[in-house]
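Trainee: Before I ask anything, let me first share the structure, which is written out below as structure tokens.
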Amino acid sequence: MGLSGVAPVWGPPGLLLTIALYPALTLHPAKAWAPPHRDYCVLGAGPAGLQMAYFLQQAGRDYAVFERAPGPGSFFTRYPRHRKLISINKRYTGRTNAEFNLRHDWNSLLSHDPRLLFRHYSQAYFPDASDMVRYLGDFAGRLGLQVLYNTTIAHVTLDKDRRAWNGHYFILTAQNGSQYQCSVLLVATGLSVPNLVDFPGSEYAEGYESVSVDPKDFVGQNVLILGRGNSAFETSENILGVTNFIHMLSRSRVRLSWATHYVGDLRAINNGLLDTYQLKSLDGLLESDLTDLGLVKDREGRFRITLKFYLEESNQTADAVTLPQDDSDNFAMRVAYDRVIRCLGWNFDFSIFNKSLRLSSGGEFKKKYPLVRASYESKGSRGLFVLGTASHSVDYRKSAGGFIHGFRYTVRAVHRLLERRHHGRAWPATEHPATQLTSCILRRVNEASGLYQMFSVLADVVLLKENATAFEYLEEFPMQMLAQLETVTGRKARHGLFVINMEYGKNFSGPDKDVFYYDRSVGHTEDAWQSNFLHPVIYYYRHLPTEQEVRFRPADWPLPRPTAIHHIVEDFLTDWTAPVNHILPLRRFLENCLDTDLRSFYAESCFLFALTRQKLPPFCQQGYLRMQGLLGTRSLLQHRVESGLLQDHAAAGRHREDSRQWPGDHEPVDPPPAPGPLVQPLNSNKEEL
């Protein structure tokens, strides 16, 4: 009976149905269930992850942020170990301009809410890390950002699919087995893996991530610190007053941030050990490659430094190992140490990424950073972008891209690139008449925070319209992508362009530079190209540079050699508004590039230009000829008569002037004030202004 019940299914009609459905049942069995999809997935709810979430939310995009901790900013719940941040919180500048104030606020993220400025969360110039945790919590909460907390992503791989934006989806697998599918992956996990150096005895070193932060645990001890960065000096600063002495060992000399102009190098707030070393108070700095050394423990439980090749000579007991002082009795590190602390920085965690993503490191960065393009997109996987501290390979030791006050702007740049690529939205730009070119540039170099903090990385771009009568102004574009500008912005650069950048002098930054030398400042306009401090530099190109020109640009140049270049002389106040030394040279440079006159003129001057010149200044083209024309005055009438343009009716009918007035002659009318002068011989730069 049972057999007869199923027989019709396997009869001719049932067999045909099975054959028809077979491809659908067997060809793509894995596609029967698809994990939840998001257009954008952000890994990490630290500052960079939350910043990107804000931009995605403002644009109305489909996104989710994945965070392993129960709240945002988990890194700052543990680090820095001694809780004091080295990012400044300058609450007062004497200015009301919000953009200018962000130049000196190194902790705030970008948003439309003025309550979400870090100055409302701490009064300290160097805030406590707990204030940052509280700030990030409010940033995510008040803005309603979509963060999945307590979600640890354990594995990321690719799933190729022609229908996907980038030819593949990113599959995220959480620790609990849940999976998520993403079109674009934005990695903002920071640097979280302690950097380890393998040398004999390295297991005896305590890590910065776990060593005690209680100074009482170091009373009367001899301490050796491995490293020379801010974490090493932060650790020494905490115990400097209770130890017998501190020796600090690193493979290269200390880099001081005031000499390199790189915020990641040693900051003054942590450099107390430099004082005690130079003033001969027992503490000291030493340079040696750790891989050439060995650490041995003696029978008293103290640690001694030896050379690696001594340990390789034979398998001796610790007490019988040859020490350098056995051959040279004045060996610098011949003392015994009670503690050895490793403070060697952090690396990116590559462990969760499948090899198919090709998210690799290399070159000078070894395992510290993933390799990314100037667009912050991975070199190995299209659609995978690295944000925040982990993206610092683009400007390592050059600018501030590894820190909040820098990467808040690079994150915005990445978002704008994504908006163009996947949603067809052009890079934001404003259009202005050519007469406003000087003022637009001056406003930006005097106020913009992105230009100021991401110097030589992000730059403003001015795209000229036909005949240079107008221009489009693009803000904070990645300079190394200049050759791709038309493709990635949706804007055209057919009639020339200016690039506005901020730069230090080429010979003013470096660990071996004396940045306090006499006459270090430049004050004369003719010497502006020799300016040392951060100052605006304007590049002019008749045509958009090619990829090859950008790639093979001159050494130490941020851009290819331009058609013309202008340095605005450095200013002690970083206030480039001086009429003679800042504004006038800039305007003359722009005029020479455009072969025009960018000044504003009285109507009478425009009238004279119309009669005597083939090419009118832009102000006259856009104002006098297109708008209100010319106001009649007695002096203008007399000029017309003297020029032979009008007949002198006054002599023949002077009696009529007694009974009526010329239009506009109710009172003596002077031309309205304007930035530019009347056309007349100029005796000085001030008169030209």
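Trainee: For N446, all conditions in the list (1) modelled with pLDDT of 95 or more; (2) farther than 28 Å from T574 by Cβ hold save one; what is the number of the exception?
Mentor: (2)
Trainee: Give region 131-147 a look and list any residue that's open to solvent by 30 Å² or more (accessible area, probe 1.4 Å) and not in a helix (DSSP H, G or I), or say none.
Mentor: Across region 131-147, the qualifying residues are G144, Q146.
Trainee: Being assigned to a helix (DSSP H, G or I) and either more than 22 Å from Y79 (Cα to Cα) or hydroxyl-bearing (S, T, Y) (or both) is the filter here; which residues of region 226-273 pass it?
Mentor: S231, T235, S236, S257, W258, A259, T260
Trainee: Can you name the condition, by its number, that G496 falls short on among (1) surrounded by fewer than 19 Cβ atoms within 10 Å (Cβ to Cβ); (2) on the phi > 0 side of the Ramachandran plot?
Mentor: All conditions are met except number (1).
Trainee: Which residue is modelled with the lowest pLDDT, if the candidates are limited to region 428-441 and must be open to solvent by less than 20 Å² (accessible area, probe 1.4 Å) and touching a Phe, Trp or Tyr at 6+ places or on another chain (Cβ under 7 Å)? Spell out the reasoning first.
Mentor: Kept after step one, since they are open to solvent by less than 20 Å² (accessible area, probe 1.4 Å), are these residues of region 428-441: 434, 437-438, 440-441.
Imposing the further condition that a residue be touching a Phe, Trp or Tyr at 6+ places or on another chain (Cβ under 7 Å) reduces the set to 434, 437, 440.
On the way: A434: 92, L437: 95, C440: 96.
Out of the qualifying residues, it is A434.
Trainee: For region 522-551, give me each residue that is within 22 Å of F589 (Cβ to Cβ) and assigned to a loop (DSSP other than H, G, I, E, B).
Mentor: V522, G523, H524, S531, N532, F533, L534, R542, H543, L544, P545
Trainee: Against the definition (more than 28 Å from F350 (Cβ to Cβ), open to solvent by 30 Å² or more (accessible area, probe 1.4 Å), touching a helix residue (DSSP H, G or I) at 6+ places or on another chain (Cβ under 6 Å) and part of a loop (DSSP other than H, G, I, E, B)), how does H82 come out, yes or no? Steps first, answer last, please.
Mentor: On the way: more than 28 Å from F350 (Cβ to Cβ): yes; open to solvent by 30 Å² or more (accessible area, probe 1.4 Å): yes; touching a helix residue (DSSP H, G or I) at 6+ places or on another chain (Cβ under 6 Å): yes; part of a loop (DSSP other than H, G, I, E, B): yes.
Criteria met by H82.
Trainee: Across region 248-288, what is the total count of residues that are among the hydroxyl-bearing types (S, T, Y) and free of Cβ contacts under 8 Å to residues at least 24 places away in the same chain? If you could, list the steps in order and put the result at the bottom.
Mentor: Just the residues of region 248-288 that are among the hydroxyl-bearing types (S, T, Y), to begin with: 250, 252, 257, 260, 262, 276-277, 281, 288.
Pick out the ones that are also free of Cβ contacts under 8 Å to residues at least 24 places away in the same chain and you get 257, 277, 281.
Of the residues in region 248-288, 3 are among the hydroxyl-bearing types (S, T, Y) and free of Cβ contacts under 8 Å to residues at least 24 places away in the same chain.
Trainee: Going residue by residue through region 353-370, is there one that turns out to be among the aromatic types (F, W, Y), farther than 21 Å from L485 by Cα and assigned to a helix (DSSP H, G or I)?
Mentor: Checked region 353-370: at least one residue is among the aromatic types (F, W, Y), farther than 21 Å from L485 by Cα and assigned to a helix (DSSP H, G or I).
Trainee: What do you reckon, is Y409 of a type in the set (F, W, Y) and touching a residue at least 60 places away in the same chain (Cβ under 8 Å)? Let's see the steps before the verdict.
Mentor: Details: of a type in the set (F, W, Y): yes; touching a residue at least 60 places away in the same chain (Cβ under 8 Å): yes.
It is true that Y409 is of a type in the set (F, W, Y) and touching a residue at least 60 places away in the same chain (Cβ under 8 Å).
Trainee: Among F508, F516, which is the only one that is in a loop (DSSP other than H, G, I, E, B), among the hydrophobic types (A, V, I, L, M, F, W, C) and open to solvent by 80 Å² or more (accessible area, probe 1.4 Å)? Talk me through it step by step, then tell me what you get.
Mentor: Working: F508 fails: open to solvent by 80 Å² or more (accessible area, probe 1.4 Å).
Result: F516 is the single residue among F508, F516 that is in a loop (DSSP other than H, G, I, E, B), among the hydrophobic types (A, V, I, L, M, F, W, C) and open to solvent by 80 Å² or more (accessible area, probe 1.4 Å).
Trainee: Separate question: Could you run through region 457-474 and say how many residues are open to solvent by 30 Å² or more (accessible area, probe 1.4 Å) and either in contact with a helix residue (DSSP H, G or I) (Cβ under 7 Å, 6 or more places away or on another chain) or outside the structural domain of L544 (by the TED database) (or both)?
Mentor: Going residue by residue through region 457-474, those that are open to solvent by 30 Å² or more (accessible area, probe 1.4 Å) are 465-467, 469.
Then keep just the ones that are either in contact with a helix residue (DSSP H, G or I) (Cβ under 7 Å, 6 or more places away or on another chain) or outside the structural domain of L544 (by the TED database) (or both); that gives 469.
Here the count works out to 1.
Trainee: Next up: Which condition number does E237 fail, the rest of (1) open to solvent by 40 Å² or more (accessible area, probe 1.4 Å); (2) under 30 Å from K355 (Cα atoms); (3) not β-branched (V, I, T) being met?
Mentor: With respect to (1) open to solvent by 40 Å² or more (accessible area, probe 1.4 Å); (2) under 30 Å from K355 (Cα atoms); (3) not β-branched (V, I, T), E237 is out only on (2).
Trainee: Could you list all residues from region 274-297 that are assigned to a helix (DSSP H, G or I) and either polar (S, T, N, Q) or within 31 Å of the chain's Cα centre (by Cα) (or both)?
Mentor: L274, T276, Q278, T291, listed by residue number.
Trainee: Of all the residues that make up region 414-435, how many are under 13 Å from L474 (Cα atoms) and acidic (D, E)?
Mentor: 1
Trainee: Specify the residue that is farthest from L43 (Cα to Cα); the eligible residues are those in region 165-214 that are loosely packed, with under 15 Cβ neighbours inside 10 Å and small (G, A, S).
Mentor: S212
Trainee: Only one of (1) more than 26 Å from L559 (Cβ to Cβ); (2) at pLDDT 90 or above; (3) small (G, A, S) fails for S360. Which number is that?
Mentor: Result: S360 passes all but (2).
Trainee: Oh, and also: Considering only region 221-244, state which residues are in contact (Cβ under 8 Å) with a residue 60 or more places away in the chain, over 23 Å from the mean Cα position of the chain (by Cα) and more than 15 Å from A205 (Cβ to Cβ). Steps first, answer last, please.
Mentor: As a first pass, look at region 221-244 and keep what is in contact (Cβ under 8 Å) with a residue 60 or more places away in the chain: 221-227, 229-232, 234-235, 237-238.
Narrowing the set further to residues that are over 23 Å from the mean Cα position of the chain (by Cα) leaves 221-227, 232, 234-235, 237-238.
E234, E237, N238 - these are the residues of region 221-244 that are in contact (Cβ under 8 Å) with a residue 60 or more places away in the chain, over 23 Å from the mean Cα position of the chain (by Cα) and more than 15 Å from A205 (Cβ to Cβ).
Trainee: I've got another one for you. Collect the residues in region 491-513 that are modelled with pLDDT under 85 and of a type in the set (D, E, K, R), keeping them in residue-number order. Talk me through it step by step, then tell me what you get.
Mentor: First pass over region 491-513, keeping only residues modelled with pLDDT under 85: 506-513.
Of everything in region 491-513, those that are modelled with pLDDT under 85 and of a type in the set (D, E, K, R) turn out to be K506, D512, K513.
The values are calculated or read from the model by the stated rules, or taken from the named source; none is laboratory data. A quick note: this is a predicted structure, and the numbers were derived from the prediction, not measured. Counting neighbours? That spans all protein chains shown, and the Cβs are built from the backbone with ideal geometry, glycine included. Note: areas computed on protein heavy atoms with side chains; ligands, DNA, RNA excluded. Shrake-Rupley method; radii C 1.70, N 1.55, O 1.52, S 1.80 Å.
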